[in-house]
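**Q** First the structure, then my questions, so here it is.
The values are calculated or read from the model by the stated rules, or taken from the named source; none is laboratory data. As the structure is a prediction and not an experimental result, all values here were calculated from the model. Virtual Cβ from ideal backbone geometry, glycine too; neighbours counted across all protein chains shown.
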Amino acid sequence: MKDRYILVADDQEMNLALMAKILTRWQCRFDKAPDGVAAYELFVCNNYDMVLLDLQMPRMTGVEVVKRIREDKEPAKAQIPVLALTADTTMPGNQAFIDAGFDDYLLKPFREKEIYNVMIRHLRPVHVNVPH
């Protein structure tokens, strides 16, 4: 996870603080957004390795943000791994998230080991430049 660049969007300051603590411990670079509009603006301006979006945010929901990400004119950016952050345990399984454009989801309250396992499953391998 070291040196990965992650965008975390959540309107709950407590959740942002918790994710910031975890990502800092993993030595990730990250940006935080308090709502969907801010998240999308950050996405447009940066090249992230992964985006974590709360489903219920003001100004633009996580579902609206992921739809815009998937429509990005740069294929590499449009295919970035995007995870939904949700406290809703009644969601009808993975398919609803996949249909909405997410790669997977994380349930709140967050557990560090679960977050790590889901993120690692979707992060693309880091290309290490090996000198010849």
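**Q** Do we find a residue being at negative phi, out of contact with any helix residue (DSSP H, G or I) (no Cβ under 7 Å at 6 or more places or on another chain) and part of a helix (DSSP H, G or I) anywhere in region 53-73?
**A** Checking region 53-73: at least one residue is at negative phi, out of contact with any helix residue (DSSP H, G or I) (no Cβ under 7 Å at 6 or more places or on another chain) and part of a helix (DSSP H, G or I).
**Q** Same structure, new question: All but one of (1) surrounded by 21 or more Cβ atoms within 10 Å (Cβ to Cβ); (2) modelled with pLDDT of 95 or more; (3) under 16 Å from Gly101 (Cβ atoms) hold for Ala84; state the number of the condition that does not hold.
**A** Evaluating Ala84 over (1) surrounded by 21 or more Cβ atoms within 10 Å (Cβ to Cβ); (2) modelled with pLDDT of 95 or more; (3) under 16 Å from Gly101 (Cβ atoms) leaves (2) as the failure.
**Q** Any chance you could count how many residues in region 22-52 are assigned to a helix (DSSP H, G or I), within 17 Å of Asn117 (Cα to Cα) and not polar (S, T, N, Q)?
**A** Of region 22-52, the ones assigned to a helix (DSSP H, G or I) are 22-25, 36-45.
Within this subset, residues satisfying the condition of being within 17 Å of Asn117 (Cα to Cα) are 22-25.
Cutting the leftovers down to not polar (S, T, N, Q) gives us 22-23, 25.
Number satisfying all stated conditions: 3.
**Q** Something else about it: If the Cβ limit is 8 Å and pairs must be 6+ apart or interchain, which residue in region 11-28 that is closer than 16 Å to Met50 by Cβ pairs with which residue that is exposed (fewer than 11 other Cβ atoms within 10 Å of the Cβ)?
**A** Taking only residues 6 or more apart or on different chains, the pairs are Trp26/Lys2; Gln27/Lys2; Gln27/Asp3; Cys28/Lys2; Cys28/Asp3.
**Q** May I ask you to list the residues in region 99-122 that are over 17 Å from Gln12 (Cβ atoms), in a loop (DSSP other than H, G, I, E, B) and either of a type in the set (A, V, I, L, M) or in contact (Cβ under 8 Å) with a residue 40 or more places away in the chain (or both)?
**A** Of the residues in region 99-122, the ones over 17 Å from Gln12 (Cβ atoms) are 99-104, 112-114, 116-122.
So of that shortlist, the ones also in a loop (DSSP other than H, G, I, E, B) come out as 101-103.
Across region 99-122, the qualifying residue is only Phe102.
**Q** Are any residues in region 1-51 surrounded by 16 or more Cβ atoms within 10 Å (Cβ to Cβ) and among the acidic types (Asp, Glu), and if so, which ones?
**A** Asp10, Asp11, Asp31, Asp35, Asp49 - these are the residues of region 1-51 that are surrounded by 16 or more Cβ atoms within 10 Å (Cβ to Cβ) and among the acidic types (Asp, Glu).
**Q** Given the conditions (1) touching a strand residue (DSSP E or B) at 6+ places or on another chain (Cβ under 6 Å); (2) farther than 23 Å from Arg124 by Cα, report the number of the one that Asp54 does not fulfil.
**A** (2)
**Q** Of the residues Gly93, Gly62, which is more than 21 Å from Pro34 (Cα to Cα) and either surrounded by 15 or more Cβ atoms within 10 Å (Cβ to Cβ) or modelled with pLDDT under 90 (or both)? Break it down stepwise before answering.
**A** Working: Gly62 fails: more than 21 Å from Pro34 (Cα to Cα).
Result of the check over Gly93, Gly62: Gly93.
**Q** Sticking with this one: Would region 35-47 turn up any residue that is under 18 Å from Leu123 (Cα atoms), touching a Lys or Arg at 6+ places or on another chain (Cβ under 8 Å) and polar (S, T, N, Q)?
**A** yes
**Q** State whether one or more residues within region 121-132 are out of contact with any Lys or Arg (no Cβ under 9 Å at 6 or more places or on another chain), surrounded by 12 or more Cβ atoms within 10 Å (Cβ to Cβ), modelled with pLDDT of 85 or more and charged (D, E, K, R).
**A** no
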